[in-house]
Amino acid sequence: MKLSVWTYEGPPHVGAMRVATAMKGLHYVLHAPQGDTYADLLFTMIERRDRRPPVTYTTFQARDLGADTANLFKTACQDAYERSQPEAIIVGASCTAELIQDDPGGMAETMGLPVPVIPLELPSYQRKENFGADETFFQIVRALARPMERTERITCNLIGPTALGFRHRDDITELTGLLIEMGVEVNVTAPFDATPTDITRLGRAHFNVLMYPETGEAACRWMERELDQPFTKTVPIGVGATRDFLREVGEITGLTPKIDETRLRLPWYSASVDSTYLTGKRVFLFGDGTHVAAAARIARDEMGFDVVGLGCYNREQARMIRALAKDYGVEALVTDDYLDVEARIEALAPEMILGTQMERHIGKRLGIPCAVISAPVHVQDFPARYSPQVGIEGANVIFDTWVHPLVMGLEEHLLHMFREDFEFHDDAGASHHGGKAVSPADAGDPPGGAAPRPPRDTSEQAKDAGQVIWLADAEKELRRVPFFVRGKARRNTEAFATERGVTEISVDTLYEAKAHFAR
Amino acid sequence: MNAPIPNTPGCRDVPLLKERGQREVFCGLTAIVWLHRKMQDAFFLVVGSRTCAHLLQSAAGVMIFAEPRFGTAILEETDLAGMADAQAELDREVEKLLSRRPDIKRLFLVGSCPSEVIKLDLEKAAERLSSAYGPAVNVVNFSGSGIETTFTEGEDACLAATIPSLPSTEARQLVVAGALPDVVEDQMLGLLEALGVGPVSVLPTARADQPVAVGPNTVFALTQPFLNETHAALVRRGARHLPAPFPFGEEGTTAWLRAIAHEFGVSEERFNEVTAAPRDRARRAVAQASAPLREKSIFLFPDSQLEIPLARFLTRECGMTALEIGQPYVHRDIVGPDIDLIPEGPVFSEGQDVDLQLDRARAARPDLTVCGLGLANPLEAEGLTTKWAIELVFTPIHFYEQAGDLAGLFARPMRRREILQLEAEA
């Protein structure tokens, strides 16, 4: 038993729903109590889908438990087939139905439905949403795809995009264009918008593009083995990764990597002098492993940020993320506990968070700007406009998205110069954001929630060995440091003092530390 | 407006269309989303699965609270396989929780579908934890499971669970049951005080240190139509129910207050004196806000259990025609006075077979459809105008001063469809 406040991932049957809802002509019969129908709103509200997910829930009740839940399942399955006339059906159980052990897969197989019935075994008490999506898609592919003659022209399948994915819709468009420029056509994109019939044609492609390992890796590995299709390992998010990806496609196909960079703006935007202020911005990254790994590379190599911490919530990617963290000289955080992530962010006091919907809330609470790079996301992260993450336009979108939450370059300097100005101060916030500025006089408590902690009366704590106290003047001077570096200044100064056995921090200590850490 | 009460016989004896099939409704856990705001020293610990945690997070819509006063103790493989003693595991999680949150005075152990199916005895756990942490922390259990409760029934189960342990009193008093937004609760208490009705106490209380007492001289009124178990639990404690239409709209509020006033011997003169001004305001507000609703038809899917009283308000005060009024369950003892007032015509349905009900809605082409979040956008895409029902439990809608807002909630989707113009100008 483990106490959970917010969760990064839903249960595995929600992953199966992400596959079913992404596809066409597929129906999911889910043995589940009525409350589980809440999952429909993820798709109809958060993603604004204009039709109900193709899911029939048996919605058994307590009174059914002693009676015949199995029969209820069969009826629901038969009705679902007759009403939707799908090309294929997937069947499974949610967490509660798993406990009553009705074996929906076995039952559905004996019903003699005239379409393929694919049973799903998704262990609700061990695994989570991404596993559910990956496993479901793998089972569909395994059931329906067969080796077949390759297409005449060089083609690939795009594997992994699902419903409720972070920018999957636009990534498909961008990636398709990128591949066409190089001379590769897309045979099938799946699960997004694919029918079961399309799945049977997967074997025609020469290779697979694994867009998101979280939801497509098991299928790609199976197709590599059974259909003799190699798959790409690079996820083309970011400029460098896009180039690597095209090189990888070249190696698989023998084609020459080609990229039309006329639309590519990230490199110049990053190089232009206005971006100087981005240099060494301390960022913390958290999300699914794939997006975090891609974002880390962009942050360090393409934006010039300083990655001070990173992690992922899906333990399937833990090994990769740990290796990556080592490469970046930071400690990886692999957890699905939101409070652990919050504690780590609080301790690291980054200047920006690149995270999920959850980290946006953490950032709001701690007064740290946040840009979203990964699922889980909320309704505002399904934008009306075209905004992919992959490829060339993806890089442009990422530059804009990441810079937007920050205070702009010259504005930041002005804040430095006039930090105690009555109008132009830390808590006035960035000029291009909404929200009313809090005047310093009105702000009773620690302004803006910006400092990691309100100024402390540390005299009581000085008895502890290794503790240092801030003299009043130094504390006051520290408050003049702009909020986005104040946490860092405090920690650096304290570390500097502790190292030298200094127990009281004066204004001089503060500036000694500043000189020491100056780069 | 102000049309006299029509001389139709009402719908008390209309047969129910009972359906069993796929139900597209929330489970009772959803009620935690508003209960934890109402009961400010309470923590709601769901003993369940990742699905429960995911539901709470999704139903809350936005995650406003960094560390909310609810959480899920997620059952794991070891708990189910009997490798771990689930009761001991629960004790450990509760200890961690209470040591981190010393502000918690009431802890609700909330049963879920999985905990009910594995027959995890939360009553025993609550007794044990109560004796361990009492009297500082009172531990109570109730079930919000989707195999037993639908949406707002979670509030009912929660309130009902607190009633057996309430102190006894012989005093003549009024208890009002049902969680209301603070502003609305204050308005209600103001009206009752002006009528000279008292003493009055309200369930649930905001804090544990102000418990409600109950006994044979207690009469009670309900502000929410889903409080069936609460009703029964209060009756078991000797209290007597004052049946009345629910306080939605001018007419409902007046009837609700009148039932109480009658019980407490308030003179007609005093009653009119107190209610005249707010009644007039409410009528005017409804008249204005309900303009887009007049002579329009409405179809209500079963969702919050508020459907019958709302249909009464919409048909009688907003001039709408009800085509179908669906409820998850119909408790005639409680909603009877509302049913009596609804003009003949609509189909009353109980339970759901969502596909068949959608077929009926499509055939009926109502001007406005009230439904859950899973159905709203798909129906909009089919050209039906919808009002999502969950807003009705998250918004102040009771009593006189909210009557106009209530009409406005239904009118807004109609107005929206009117004002959006996306075609080229001819």
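The values are calculated or read from the model by the stated rules, or taken from the named source; none is laboratory data. On a predicted model such as this, the values are computed, not experimentally measured, just so you know. Positions of Cβ are generated from backbone atoms using ideal geometry, with glycine treated the same way; all protein chains shown enter the neighbour counts. To get the accessible areas, we keep the full protein, side chains included, count just its heavy atoms, and leave off ligands, DNA and RNA. Shrake-Rupley method; radii C 1.70, N 1.55, O 1.52, S 1.80 Å.
List of remarks:
- The relative contact order of chain A, computed from alpha carbon pairs under 8 Å that lie at least 6 residues apart in sequence, is 12 percent.
- For the protein assembly as shown, share of DSSP beta bridges that run antiparallel, in % to the nearest 5: 5
- For B:Lys119, a cut-off of 19 angstrom between C-alpha atoms picks up these lysines, skipping any fewer than 8 places away in its own chain: A:Lys2.
- Peptide B:370-381 shows a mean partner chain C-beta count of 5 within 10 Å per residue C-beta.
- Cα-based helix-to-principal-axis angle, B:50-59 vs chain B, degrees rounded to 10: 40
- Whether segment A:323-396 is rounded, prolate or oblate, judged on the alpha carbon gyration tensor where a/c under 1.5 counts as rounded: oblate
- Note on A:Arg263: accessible area is roughly 80 Å² with a 1.4 Å probe, heavy atoms of protein only.
- In chain B, a dipole from Cβ-located charges (positive for Lys and Arg, negative for Asp and Glu) runs towards its positive end, and of B:His54, B:Phe299, B:Cys11 it is B:Cys11 whose Cα lies farthest in that direction.
- Counting Cβ atoms of other protein chains within 10 Å of each residue's Cβ and taking the mean over peptide A:59-70 gives 3.
- Candidates per trypsin sites (Lys or Arg not before Pro) in segment A:316-386, loop by DSSP, up to 11 other Cβ within 10 Å: A:Arg385
- Based on Cα contacts under 8 Å between residues 6+ apart, chain B shows a relative contact order of 19 percent.
- Cα→Cβ-extended label distance, 7 Å offset, between A:Thr75 and A:Glu251, nm: 5.8
- Cut-off under 5 Å, modelled amide H: who pairs with B:Phe348 long-range: B:Leu17, B:Ile325
- Accessible area of A:Asp79 (1.4 Å probe, protein heavy atoms only, ligands and nucleic acids ignored): about 80 Å².
- Largest first, the residues A:Asp337, B:Asp209 sort by 1.4 Å accessible area into B:Asp209, A:Asp337.
- In this Cβ point-charge picture (+1 for Lys and Arg, -1 for Asp and Glu), chain B has a dipole of about 520 debye about its Cα centre.
- Beta bridges assigned by DSSP with both partners in chain A are antiparallel in approximately 5 percent of cases.
- Counting only heavy atoms of the protein chains and using a 1.4 Å probe, A:Lys24 has close to 100 Å² of accessible surface.
- Amide H contacts of A:Thr56: A:Tyr28, A:Val29, A:Leu30, each under 5 Å away and 5 or more positions distant or on a separate chain (H built 1.01 Å from N in the peptide plane; Pro and chain starts excluded).
- For chain A: rounded, prolate or oblate by the Cα gyration tensor [a/c cutoff 1.5]: prolate
- Selection of trypsin sites (Lys or Arg not before Pro), segment A:28-71, meeting DSSP coil and at most 15 other Cβ within 10 Å: A:Arg48, A:Arg51
- Probe 1.4 Å, all protein chains present, accessible-area order of A:Val115, B:Val370, largest first: A:Val115, B:Val370
- Straight Cα distances below 25 angstrom link A:Lys281 to the lysines A:Lys326, A:Lys364, A:Lys476, A:Lys488, A:Lys514, with same-chain residues fewer than 8 positions distant left out.
- Computed from point charges on the beta carbon alone (+1 for Lys and Arg, -1 for Asp and Glu), the dipole magnitude for chain A about its Cα centre is near 400 Debye.
- Helix content alone sets the calculated 222 nm mean residue ellipticity of chain B: runs of n ≥ 4 DSSP H residues at -39500 (n - 2.57) each, divided across all residues, give -13000 deg cm²/dmol.
- Chain A: calculated mean residue ellipticity at 222 nm from DSSP helix runs of at least 4, using -39500 (n - 2.57): -12500 deg cm²/dmol
- Accessible surface comparison of B:Ser168, B:Ser112, probe 1.4 Å, protein chains only, largest first: the order is B:Ser168, B:Ser112.
- Largest GNM mean-square fluctuation across B:Arg240, B:Arg312, B:Arg362, computed for chain B with C-alpha springs under 10 Å, falls on B:Arg362.
- Set of lysines with alpha-carbon distance to B:Lys387 below 19 Å, sequence-local pairs under 8 removed: B:Lys296
- Sequentially through segment B:282-298, phi angles give Karplus couplings (6.51, -1.76, 1.60; θ = phi - 60°) of 4, 4, 5, 4, 5, 4, 6, 6, 8, 3, x, 9, 4, 6, 9, 9, 9 Hz, Gly and Pro residues having no value and appearing as x.
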